[in-house]
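Let me begin by presenting the structure, written as structure tokens, before commenting on it.
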Amino acid sequence: VRQDKVIQPNGQRGEYNVVVTPPSVFIVAVNEKKEIYFVGLYRYTTNMYSLEVPGGGSDGQNTLLAAKRELREEAGLVAKNWKQIGKFQMMNGLMSEIAYVFLATDLREVVENEQFEEGIQEVIKLPFKKVFQMIDEGKITDGPTIVCLNYVRKFIK
């Protein structure tokens, strides 16, 4: 956490705390049936089960390489085709983190992954058209996942 001395909008002196984090990556993995892969896990911070697209920190790595690593670790998938389709500010009132969104296609399952170590309880595929219904029903509530799904809309018909 970085503490900056600032002049606030009201002209008063103050401090602004910024959580400084490296870029993150999120992957929308889509198979030939237009199904999207999600990981399901319990999130301690919210005490909730969460369906999310695979993703995580870049750990200082090139974002594409980090995305490939995260997809393998979390979903047990490798992709032949990759495309960066967007980026967004994670929590710009608190964090410096920029998140990069990738579309991964031409998928292949692999045995080696780190799902257990990541706390992932399941990897599921959902039809593209169903995921927006699940958002509306409050079954998908993870903010970055919702942003990523919005980005991929123009690539899946």
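Values computed for the structure shown
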read-out: Residue, nearest to Gly60 (Cα to Cα), within segment 95-114, restricted to residues that are assigned to a loop (DSSP other than H, G, I, E, B) and open to solvent by 80 Å² or more (accessible area, probe 1.4 Å); value: Glu112
read-out: Filtered residues of segment 1-35 (kept if part of a strand (DSSP E or B) and free of Cβ contacts under 8 Å to residues at least 12 places away in the same chain); value: Lys5, Val6, Ile7, Arg13, Gly14
read-out: Candidate set: segment 127-145, residues that are out of contact with any Lys or Arg (no Cβ under 9 Å at 6 or more places or on another chain) and either among the small types (Gly, Ala, Ser) or modelled with pLDDT under 95 (or both); chosen: the one nearest to Gly56 (Cα to Cα); value: Gly143
read-out: From the options Lys125, Lys87, residue that is within 17 Å of Tyr37 (Cα to Cα), open to solvent by 50 Å² or more (accessible area, probe 1.4 Å) and out of contact with any Cys (no Cβ under 8 Å at 6 or more places or on another chain); value: Lys125
read-out: Whichever residue in segment 53-83 is touching a Lys or Arg at 6+ places or on another chain (Cβ under 9 Å) and among the charged types (D, E, K, R) and, among such residues, is least open to solvent (accessible area, probe 1.4 Å); value: Asp59
read-out: Answer from Val18, Val25 - the residue that is modelled with pLDDT under 95, open to solvent by less than 40 Å² (accessible area, probe 1.4 Å) and in contact with a Ser or Thr (Cβ under 9 Å, 6 or more places away or on another chain); value: Val18
read-out: Output for segment 103-126, where each listed residue is at pLDDT 95 or above, within 18 Å of the chain's Cα centre (by Cα) and not hydrophobic (A, V, I, L, M, F, W, C); value: Thr105, Lys125
read-out: Some residue of segment 130-141 being within 29 Å of Val1 (Cβ to Cβ) and surrounded by 15 or more Cβ atoms within 10 Å (Cβ to Cβ); value: yes
read-out: Every residue from segment 24-52 that is of a type outside the set (Phe, Trp, Tyr), touching a Gly at 6+ places or on another chain (Cβ under 8 Å) and over 14 Å from Cys148 (Cα atoms); value: Leu41, Ser50
read-out: Pair list, Cβ under 6 Å, 6 or more apart: segment 36-47 residue within 20 Å of Val78 (Cβ to Cβ), other residue modelled with pLDDT of 95 or more and part of a loop (DSSP other than H, G, I, E, B); value: Val39/Pro54
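The values are calculated or read from the model by the stated rules, or taken from the named source; none is laboratory data. Model, not experiment: these values are computed from the prediction. When we count neighbours, we look across all protein chains shown, and the Cβ atoms used for this are built from the backbone with ideal geometry, even at glycine. Just the protein is used for accessible areas: all its heavy atoms, side chains included, with ligands, DNA and RNA removed. Shrake-Rupley method; radii C 1.70, N 1.55, O 1.52, S 1.80 Å.
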